[in-house]
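What follows is calculated from the coordinates using simple rules that are stated; it is not laboratory data. Since we're looking at a predicted model, the values are computed, not measured. Don't worry about glycine lacking a Cβ; one is built from the backbone with ideal geometry, like all the others, and counts go over all protein chains shown.
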Amino acid sequence: MGKRITISGYNQNTNRRRFLKVAAATSAGIWIPSSHAQSPNGRVNVACIGVGGKGSSDADNAAKFGQVVALGDIDDKRLKQKAKKFPDAKLFHDYRELLSVMGDKVDAVTVSTADHAHTAASVMAMRLGKHVYFQKPLTHSVSEARLMRETARKYKVITQMGNLRDVH
């Protein structure tokens, strides 16, 4: 029998199997709650920063729940390859330019860059009021983790870190 837990006033019997099932479903891309991130056109507009490797599947999953309107990657080959799937998305080689140009057209951002750029790209997006799904590792230091937490709270954005790899 599972142990009874309380989270923010929500009671539910849980066990390991149920916990893992919910965690897997959450990491599969169900991360943009429509009540918090909604464009006037009724669709969530998503910008994807880093579209090679894990970023490719992150962009594909984001497209299941919204419209990918911008793609960013420093690797031109990866960027052009992903652009074939999202021909209407604007393309950028620098996430700073992507966020500067597309900031008012985007509701949420995926950050699947090289590990050392997760914090910088995510914090910039959050400061623009964008909800962010970022890949692990979250940060490289405790101070960066605190900055991410404080920024998300200050700008009242929803964040989630991907922590499961794709299973083929």
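So what's the net charge close to residue 42: Lys and Arg +1, Asp and Glu -1, counting the other residues with Cβ under 15 Å from its Cβ? Its environment carries a net charge of +1. Loop-located chymotrypsin sites (Phe, Trp or Tyr not before Pro) in the range 79-168 (DSSP state other than H, G, I, E, B) with a sparse environment of at most 10 neighbouring Cβ atoms within 10 Å are absent. Backbone phi angles across the range 139-147, fed through the Karplus curve with coefficients 6.51, -1.76 and 1.60 (θ = phi - 60°), yield HN-Hα couplings of 8, 10, 8, 5, 5, 5, 4, 5, 4 Hz in residue order; Gly and Pro are listed as x.
Taking amide H positions as modeled 1.01 Å from N, with prolines and chain starts lacking one, the residues under 5 Å from residue 162 and 5 or more places away or on another chain are 134, 135, 136.
Residue by residue, the range 61-68 carries 3J(HN,Hα) couplings of 5, 4, 5, 5, 10, x, 10, 7 Hz when phi is fed to the Karplus relation 6.51 cos²θ - 1.76 cosθ + 1.60 (θ = phi - 60°); x denotes Gly or Pro. Excluding residue 147 itself, what net charge comes from residues whose Cβ is under 15 Å from its Cβ, given Lys and Arg +1 and Asp and Glu -1? Net charge in that neighbourhood comes out at +3. A simple count of charges around residue 81, restricted to other residues whose Cβ falls under 15 Å of its Cβ and scoring Lys, Arg +1 and Asp, Glu -1, yields +2.
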